[in-house]
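To keep things clear, I will list the structure first and then write my remarks on it.
The values are calculated or read from the model by the stated rules, or taken from the named source; none is laboratory data. Since the structure is predicted, the reported quantities are computational estimates derived from the model, not experimental observations. FYI the Cβ positions are ideal-geometry reconstructions off the backbone, even for glycines, and counts take in every protein chain you see.
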Amino acid sequence: MEDGVYLGVDVGSVSTNLVVMAPNGRIIKKIYLRTEGNPISSVQKAFREVAPEFSQAKVLGVGVTGSGRQLIGAIIGADVIKNEITAHGVAALRAYPQVRTVLEIGGQDSKIILIDHGVAVDFGMNTVCAAGTGSFLDQQAHRLNLSIEEFGQIALRSKHPVRIAGRCSVFAESDMIHKQQMGHSLEDIVAGLCAALVRNYLNNVGKGKEIRPPILFQGGVAANAGIKRAFEQELGHPVIVPEYYDTMGAWGSALLAQEEKAVYGKTSFRGFQLSEEEIGVSSFECVDCPNRCEVVKVQINQRPVSGWGDRCGKWQRINTEATG
Amino acid sequence: MRIKIGIPRALLYYWYGPLWRVFLAELGLTPVVSGPTGKELLNTGVKATVDEACLPVKVFIGHCLSLRAQCDFLMVPRLVSVNKKDYICPKFMGLPEMTRQAVGDRPLFIWKSEKNCALGSPQALPAVLRQGFSARRIKKGLQKAEAAFRTYHRLLQEGLFPEEAETVLFTGAFPHRAEKGRRIGLIGHPYCLYDPLINLGTIDLLQRYGFQVLAPEYFTPRQIEAELRLLTKPLFWTLSQRIVGAFRLLCKQRVEGIIYLSAFACGPEALIGELVKKEAKVAGLPLLQLALDEHSGEAGLVTRIEAFIDLLQRKRRLSCV
């Protein structure tokens, strides 16, 4: 720890993850929290958890990814704000340098990354539909009165999975109710749902993509053994779930921060004490022109630090004013 | 008082705009071009248009509505076929009817394509306006307009974007161009590529990343035609031809990657999207396909473009090492 640490934060729709990484790329600590619709307070909570252990450590660089990356990046003073696809790809390559395909299913989006000779060459991401994602599973598990943790194990017990339409979550739900009323067993329905999700993922996200082994499966849904098995059956190849499957995005952004640090040298991290500061975010519709941009303003202890959402750049200017 | 003719800055305005403007001005009419697409305009357009229409058509209707109070006539093109044996999308054929439904009270001035030619003949002018002008004057106006059209397209072929080319054409000021850097291809229908509200400022974003953006309008129709001769079966739609031809030319121009912006629910594009995808795979060229619709959140689009640029950058860095 004397050599300093790198932080990686992945602010997703469902979970917020933070990793503390040593300069050799090893994860020293990882935190997985539910975002619960409030990215700022969940990051503050994560900071509060790591602060006792790492408040004396020298933070060398900070990377942020996930759908809340811009907001959180501006607040904590990130050195790198990168999209999830790049972050996941970088982490997958570090975990398994020979990897050719990365399947990632998160809370609100799912992606596939194709890698050739250590370079990402193509990617796909789900379109507007969320039928093949974690939140869909979450919702259905809730409907069946199951916790998402036991979901996978139940699926593994199935002998004859039923066929469920996975094209659309609304149809899947009515299909499931129908199968329940017909008297099919719970494990067969759950296994059928896993197969439907995998089918939908491969048809939607993986459409037209050549999936070659070794295959890595990451993201929160990778904890679900039922989905993993459904992937293996559908693809005919073993699917590897890496050790840090649920924090790959955060790890990737820490690795990217380290890479960036080699170029710029200095971190703009604001420090762990942010967890105790008052952070205010407000949004409004700017009426200065017909574009009617939805502008977001961020204040720390009543001082404006960042703004965005405008097309003209008027509100973004405070970004540079604040950080000099 | 001079008669004001409203021209919506949408759809094929990006291709024919200067032609229309110059022609009307030559006849002593006042062309009034609508402003850039704004969010309000988009909302009114979406509300007033049938559901099944693509976003660009909804934007067109929005422009028509925004012009309603400012003009005596509204100019709506009815382009059916501008080249022999191929056609413009059916939505363009029915554009005047769709507009009439939405706009109601304002008289329309329909610009028709005649005999496989969009540039027009005296018949292009609607009867109501034709009466006031001699055939000679109309012919002269068309000649001037065609000259402006050719100049405009020459500017596009030099790498300017429609807005810049129009400024050059009508004010003479030459825009400041960034240094030529890394090159990226951007394909799609002109009304998807050049309306920053529809594509959420994609060109701007790419330029900020230091790319020189090459679009289909960069190539001459003759260059594009030459590429299409190699197709096993001719493409039916004129606009599709431009995209496929430009795609092939961009492959040869050694761009680092190509981004294809398509309009959600566009039928012709569903077909050529697959064609382009196959060819990109064979050429080994990174391709990103994005569908645009009215609720495409900025975050989703930007995430994909950023990831694509990262992919290009990391690839380049590794190939340098």
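Quick one: residue A:63 ticks every box in (1) part of a strand (DSSP E or B); (2) within 14 Å of another protein chain (Cβ to nearest Cβ); (3) surrounded by fewer than 17 Cβ atoms within 10 Å (Cβ to Cβ) bar one, so which box is it?
(3)
(1) surrounded by fewer than 16 Cβ atoms within 10 Å (Cβ to Cβ); (2) touching a Leu at 6+ places or on another chain (Cβ under 7 Å): which one isn't true of residue B:283, the others all being true?
If we test residue B:283 against (1) surrounded by fewer than 16 Cβ atoms within 10 Å (Cβ to Cβ); (2) touching a Leu at 6+ places or on another chain (Cβ under 7 Å), just (2) comes out false.
What's the total number of residues in segment B:263-293 that are assigned to a loop (DSSP other than H, G, I, E, B), touching a residue at least 40 places away in the same chain (Cβ under 8 Å) and more than 12 Å from residue B:240 (Cβ to Cβ)? I'd like the intermediate steps shown before the answer.
The initial filter retains those residues of segment B:263-293 that are assigned to a loop (DSSP other than H, G, I, E, B), namely B:264-266, B:284-286, B:293.
Next cut, touching a residue at least 40 places away in the same chain (Cβ under 8 Å) only: B:264-266, B:293.
Checking the rest, the ones that are also more than 12 Å from residue B:240 (Cβ to Cβ) come to B:264-265, B:293.
Qualifying residue count, segment B:263-293: 3.
Would it be correct to say that residue A:217 is assigned to a helix (DSSP H, G or I) and more than 16 Å from residue A:87 (Cβ to Cβ)?
Details: assigned to a helix (DSSP H, G or I): no; more than 16 Å from residue A:87 (Cβ to Cβ): yes.
Here the answer is no, as residue A:217 does not meet what is asked.
Answer yes if at least one residue in segment B:234-257 is under 23 Å from residue B:196 (Cβ atoms) and within 14 Å of chain A (Cβ to nearest Cβ), and no otherwise. Step through it out loud before you land on a result.
Initially, segment B:234-257 is screened for residues under 23 Å from residue B:196 (Cβ atoms), giving B:239, B:242-243, B:246-247, B:250, B:255-257.
Keeping just the survivors that are within 14 Å of chain A (Cβ to nearest Cβ) gives B:256-257.
Looking for residues that are under 23 Å from residue B:196 (Cβ atoms) and within 14 Å of chain A (Cβ to nearest Cβ), one finds at least one in segment B:234-257, hence yes.
Looking at segment A:199-229, which of the residues that are farther than 13 Å from residue A:102 by Cα, free of Cβ contacts under 8 Å to residues at least 60 places away in the same chain and touching a helix residue (DSSP H, G or I) at 6+ places or on another chain (Cβ under 9 Å) is surrounded by the fewest Cβ atoms within 10 Å (Cβ to Cβ)?
A:208
Within segment A:277-289, track down each residue that is more than 16 Å from residue A:71 (Cα to Cα) and in contact (Cβ under 8 Å) with a residue 60 or more places away in the chain. Spell out the reasoning first.
Here is the first cut: in segment A:277-289, the ones more than 16 Å from residue A:71 (Cα to Cα) are A:285-289.
Within segment A:277-289, none qualify.
Within segment B:71-82, can one find any residue that is over 15 Å from the mean Cα position of the chain (by Cα), over 18 Å from residue B:199 (Cα atoms) and assigned to a helix (DSSP H, G or I)?
No, segment B:71-82 contains no residue that is over 15 Å from the mean Cα position of the chain (by Cα), over 18 Å from residue B:199 (Cα atoms) and assigned to a helix (DSSP H, G or I).
Can you tell me which residues in segment B:192-245 are farther than 26 Å from residue B:90 by Cα, in contact with a strand residue (DSSP E or B) (Cβ under 8 Å, 6 or more places away or on another chain) and among the hydroxyl-bearing types (Ser, Thr, Tyr)?
B:202
Out of all the residues in segment B:189-226, which are of a type in the set (Gly, Ala, Ser) and closer than 13 Å to residue B:301 by Cβ? Let's see the steps before the verdict.
Initial filter on segment B:189-226 (of a type in the set (Gly, Ala, Ser)): B:201, B:210, B:215, B:226.
If the condition is that a residue be of a type in the set (Gly, Ala, Ser) and closer than 13 Å to residue B:301 by Cβ, then B:201 is the only one that fits.
Out of the residues in segment B:36-84 meeting the condition of being among the hydroxyl-bearing types (Ser, Thr, Tyr) and either out of contact with any helix residue (DSSP H, G or I) (no Cβ under 8 Å at 6 or more places or on another chain) or within 13 Å of chain A (Cβ to nearest Cβ) (or both), tell me which one is surrounded by the fewest Cβ atoms within 10 Å (Cβ to Cβ).
We begin by selecting, within segment B:36-84, every residue among the hydroxyl-bearing types (Ser, Thr, Tyr); these are B:37, B:44, B:49, B:66, B:81.
If we keep only those that are either out of contact with any helix residue (DSSP H, G or I) (no Cβ under 8 Å at 6 or more places or on another chain) or within 13 Å of chain A (Cβ to nearest Cβ) (or both) too, we end up with B:37, B:44, B:66.
Details: B:37: 25, B:44: 19, B:66: 21.
Looking at residues that are among the hydroxyl-bearing types (Ser, Thr, Tyr) and either out of contact with any helix residue (DSSP H, G or I) (no Cβ under 8 Å at 6 or more places or on another chain) or within 13 Å of chain A (Cβ to nearest Cβ) (or both), I get B:44.
Against the conditions (1) under 26 Å from residue B:195 (Cβ atoms); (2) at pLDDT 85 or above, where does residue B:265 fall short? Just the number, please.
Here residue B:265 clears every test but (2).
Only one residue in A:230, A:254 is among the small types (Gly, Ala, Ser) and more than 30 Å from residue A:46 (Cβ to Cβ). Which one? Give the derivation first.
Working: A:254 fails: more than 30 Å from residue A:46 (Cβ to Cβ).
Among A:230, A:254, only A:230 is among the small types (Gly, Ala, Ser) and more than 30 Å from residue A:46 (Cβ to Cβ).
Can you pull out every residue in segment A:70-84 that is touching a residue at least 40 places away in the same chain (Cβ under 8 Å) and more than 9 Å from every other protein chain (Cβ to nearest Cβ)?
Kept after step one, since they are touching a residue at least 40 places away in the same chain (Cβ under 8 Å), are these residues of segment A:70-84: A:70-72, A:74-80, A:82, A:84.
Matches in segment A:70-84: A:71, A:72, A:74, A:75, A:76, A:77, A:78, A:79, A:80.
Can you say whether residue A:151 is among the aromatic types (Phe, Trp, Tyr), in contact with a Gly (Cβ under 7 Å, 6 or more places away or on another chain) and either assigned to a helix (DSSP H, G or I) or modelled with pLDDT under 90 (or both), as far as the supplied structure shows? Write out each step before concluding.
Values: among the aromatic types (Phe, Trp, Tyr): yes; in contact with a Gly (Cβ under 7 Å, 6 or more places away or on another chain): yes; either assigned to a helix (DSSP H, G or I) or modelled with pLDDT under 90 (or both): yes.
Yes; evaluated as a whole, the condition is true for this residue.
May I ask you to list the residues in segment A:214-272 that are of a type in the set (D, E, K, R) and touching a Phe, Trp or Tyr at 6+ places or on another chain (Cβ under 7 Å)? Don't jump to the end; show me each part of the working.
Residues of segment A:214-272 that are of a type in the set (D, E, K, R), as a first pass: A:228-229, A:232, A:234, A:243, A:246, A:259-261, A:266, A:270.
Within segment A:214-272, A:228, A:246 qualify.
For segment A:9-22, give me the residue count where each residue is in a strand (DSSP E or B) and within 18 Å of residue A:55 (Cβ to Cβ). Steps first, please.
Just the residues of segment A:9-22 that are in a strand (DSSP E or B), to begin with: A:9-11, A:15-21.
Filter once more, so that each one left must be within 18 Å of residue A:55 (Cβ to Cβ): A:9, A:18-21.
Result for segment A:9-22: 5.
Name every residue in segment A:289-303 that is in contact with a strand residue (DSSP E or B) (Cβ under 6 Å, 6 or more places away or on another chain) and away from chain B (no Cβ under 14 Å), in order of residue number.
Across segment A:289-303, the qualifying residues are A:297, A:298, A:299, A:300.
Looking at segment A:111-121, is at least one residue of a type in the set (Lys, Arg), out of contact with any Lys or Arg (no Cβ under 8 Å at 6 or more places or on another chain) and facing chain B (nearest Cβ under 10 Å)?
Looking only at segment A:111-121, we keep the residues that are of a type in the set (Lys, Arg), and these are A:111.
Next, from what is left, pick out any that are out of contact with any Lys or Arg (no Cβ under 8 Å at 6 or more places or on another chain): A:111.
Within this subset, residues satisfying the condition of being facing chain B (nearest Cβ under 10 Å) are A:111.
Yes, that holds for at least one residue.
Pairs needed: first member in segment B:239-262, of a type in the set (Phe, Trp, Tyr); second member anywhere, part of a loop (DSSP other than H, G, I, E, B); C-beta distance under 8 Å; at least 6 residues apart or different chains.
B:260/B:188
I'm trying to understand the selection: among the residues of segment B:237-280, which are under 22 Å from residue B:211 (Cβ atoms) and in contact with a Phe, Trp or Tyr (Cβ under 6 Å, 6 or more places away or on another chain)?
Correct list: B:246, B:249, B:276.
Would you mind telling me which numbered condition in (1) without any contact (Cβ under 8 Å) to a residue 40 or more places away in the chain; (2) buried (at least 22 other Cβ atoms within 10 Å of the Cβ); (3) within 14 Å of chain A (Cβ to nearest Cβ) residue B:199 fails?
Here residue B:199 clears every test but (1).
Quick check, is residue B:24 modelled with pLDDT under 90 and either assigned to a loop (DSSP other than H, G, I, E, B) or in contact with a strand residue (DSSP E or B) (Cβ under 9 Å, 6 or more places away or on another chain) (or both)? Steps first, please.
Numbers: modelled with pLDDT under 90: yes; either assigned to a loop (DSSP other than H, G, I, E, B) or in contact with a strand residue (DSSP E or B) (Cβ under 9 Å, 6 or more places away or on another chain) (or both): yes.
The answer is yes for residue B:24.
Of these, A:95, A:91, which one is more than 11 Å from chain B (Cβ to nearest Cβ), within 18 Å of the chain's Cα centre (by Cα) and surrounded by 24 or more Cβ atoms within 10 Å (Cβ to Cβ)? Steps first, answer last, please.
On the way: A:95 fails: surrounded by 24 or more Cβ atoms within 10 Å (Cβ to Cβ).
Just one listed residue meets the conditions, A:91.
Being charged (D, E, K, R), part of a helix (DSSP H, G or I) and in contact (Cβ under 8 Å) with a residue 24 or more places away in the chain is the filter here, so list the residues in segment A:165-198 that pass it.
Taking segment A:165-198 and keeping what is charged (D, E, K, R), we get A:167, A:173, A:175, A:179, A:187-188.
Pick out the ones that are also part of a helix (DSSP H, G or I) and you get A:173, A:175, A:179, A:187-188.
Residues satisfying the conditions are A:173, A:187, A:188.
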